[in-house]
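> There's a structure below that I have some questions on.
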Amino acid sequence: MTYFITGATGHYGSAVVRELIALGVPADQIVAAGRNNDKLAALKTELGVATAQVDNDDAAALDKALDGVDKVLLVSGVDFSKRAQQHRNVIDAAKKNGVKLIAYTSVLKADTSPLLVAVDHRATEAYLEQAGVPYVSLRNTWYAENFIDEVKQAGASGVLETAAGDGAIAAASRPDLAAAAAKVLFDGTLVNATLELGSDTTFTYADLARIAGEIYGKEVTFKPVSVEQRGADLAAAGVPQGGIDWITKLDGDIAAGALAGPTGGLSAVIGRAPQTIEDVLKAALAD
Ligand SMILES: NC(=O)c1ccc[n+]([C@@H]2O[C@H](COP(=O)([O-])OP(=O)(O)OC[C@H]3O[C@@H](n4cnc5c(N)ncnc54)[C@H](OP(=O)(O)O)[C@@H]3O)[C@@H](O)[C@H]2O)c1
């Protein structure tokens, strides 16, 4: 059984490779794919996996690389201007090569989500459903690690400003989400299924301020503001317009519940409680 993991040079994909090995998949039955040759070579040396240097822009190269592959993890791309086509390229190559299962990393509630990132995920899910390759859509929640920098900055400034209000966030750690992907690929029992991989519990920005205070041993004030005020404050801090647009849209979406859940799907797959946001932030930031 050969597993082909795209994005294996990245944080999440490399964690999935490690989880597959932990589940007992022989390393030589895993093909770690990505563009960065140094990172591929490091994976080969450290883990003994096979590697494939392939750019998902290159349909012909993907066709060749997927020859003989049984299961594919399609890790969503990073380039918003190209990634929908890159995903189609991988799905087409999987279909041509008779792949038995393709798992795709989507986002919570991709079909209705207002998040900017959901546009490509919706398109890819729709493409996957009509492609005829057995699939699982892994609707990953927001990474808990996304909040590390903000909490660090809040620890330094003593203030955590947001326009996300009391919006609940069901974020989970990359390693837990990677464990879910590996389990789904390894088991292979779920077919043509969509999994909402939210954490068991939710938190808010007020909780992040509290946790920042605990980590740094000081008062960190939670400062809820309007989207307009947040935009103005980011501009005053020198954040470029693209960043302001991204942050204020995300804050507004969180306030409206875009990351609130559903909860519980991740633990149902991995069979244990996921790490909490405290676990992730304290491991990353506490001395
Ligand atoms: N749920 C969330 O909160 C969240 C947050 C951020 C991102 N994401 C999504 O989840 C994915 C994985 O997250 P991550 O943290 O592991 O991201 P990451 O560390 O940036 O890894 C991205 C991976 O995608 C590969 N890649 C990018 N463009 C490619 C191309 N044209 N052809 C082949 N490979 C390509 C990279 O390969 P090379 O480095 O070898 O080029 C890398 O292995 C991201 O790509 C993004 O779609 C989700």
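Yes/no per residue for (1) buried (at least 21 other Cβ atoms within 10 Å of the Cβ); (2) in the same structural domain as LYS96 (by TED's automatic domain parsing):
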{"residue": "VAL117", "(1), (2)": "no, yes"}
{"residue": "GLN153", "(1), (2)": "no, no"}
{"residue": "SER173", "(1), (2)": "yes, no"}
{"residue": "ASP176", "(1), (2)": "yes, no"}
{"residue": "PHE186", "(1), (2)": "no, no"}
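> Conditions first: (1) assigned by TED's automatic domain parsing to the domain that holds GLY213; (2) touching a residue at least 60 places away in the same chain (Cβ under 8 Å). SER157 passes all but one, so which condition is the exception?
(2)
> Please go through the range 88-110 and give me each residue that is touching a helix residue (DSSP H, G or I) at 6+ places or on another chain (Cβ under 6 Å) and under 28 Å from ILE244 (Cβ atoms), ordered by number.
Of everything in the range 88-110, those that are touching a helix residue (DSSP H, G or I) at 6+ places or on another chain (Cβ under 6 Å) and under 28 Å from ILE244 (Cβ atoms) turn out to be SER106, VAL107, ALA110.
> Just one of VAL99, VAL72, VAL90 is part of a loop (DSSP other than H, G, I, E, B) and more than 23 Å from PRO262 (Cα to Cα); which is it?
Result of the check over VAL99, VAL72, VAL90: VAL99.
> Name the helices (runs of 4 or more DSSP H) wholly within the range 199-269 that hold at least 2 residues that are in contact with a strand residue (DSSP E or B) (Cβ under 6 Å, 6 or more places away or on another chain) and among the hydrophobic types (A, V, I, L, M, F, W, C)?
By residue number, 205-216.
> Now for a different question. Which residue pairs have Cβ atoms under 7 Å apart, sit 6 or more places apart or on different chains, and have a first residue in the range 30-56 that is in contact (Cβ under 8 Å) with a residue 60 or more places away in the chain and a second that is small (Gly, Ala, Ser)?
none
A quick yes/no check of all residues on (1) free of Cβ contacts under 8 Å to residues at least 12 places away in the same chain; (2) more than 20 Å from the chain's Cα centre (by Cα); (3) not assigned by TED's automatic domain parsing to the domain that holds VAL136:
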| position | (1), (2), (3) |
| --- | --- |
| LYS223 | no, yes, yes |
| VAL227 | no, yes, yes |
| ALA237 | yes, yes, yes |
| ASP279 | no, no, yes |
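> How about the range 120-151: which of its residues are surrounded by fewer than 15 Cβ atoms within 10 Å (Cβ to Cβ), within 13 Å of the ligand (Cβ to nearest atom) and in contact (Cβ under 8 Å) with a residue 12 or more places away in the chain?
ASN146
> May I pose another question? Being hydroxyl-bearing (Ser, Thr, Tyr) and within 19 Å of the chain's Cα centre (by Cα) is true for just one of THR51, THR105, THR45. Which residue is that?
Details: THR51 fails: within 19 Å of the chain's Cα centre (by Cα); THR45 fails: within 19 Å of the chain's Cα centre (by Cα).
Result of the check over THR51, THR105, THR45: THR105.
> Take the range 270-283 and flag every residue that is open to solvent by 20 Å² or more (accessible area, probe 1.4 Å) and either part of a loop (DSSP other than H, G, I, E, B) or touching a Leu at 6+ places or on another chain (Cβ under 8 Å) (or both). Break it down stepwise before answering.
Keep residues of the range 270-283 that are open to solvent by 20 Å² or more (accessible area, probe 1.4 Å), which gives 270-273, 275-276, 278-279, 282-283.
Selection gives GLY271, ARG272, ALA273, GLN275, THR276.
The values are calculated or read from the model by the stated rules, or taken from the named source; none is laboratory data. Predicted model, so just to flag it, every value in this text is computed and none were measured. Every residue, glycine as well, gets a Cβ built from its backbone with ideal geometry; the counts of neighbours run over all protein chains shown. We work out accessible area using only protein heavy atoms, side chains counted, and drop any ligands, DNA or RNA first. Shrake-Rupley method; radii C 1.70, N 1.55, O 1.52, S 1.80 Å.
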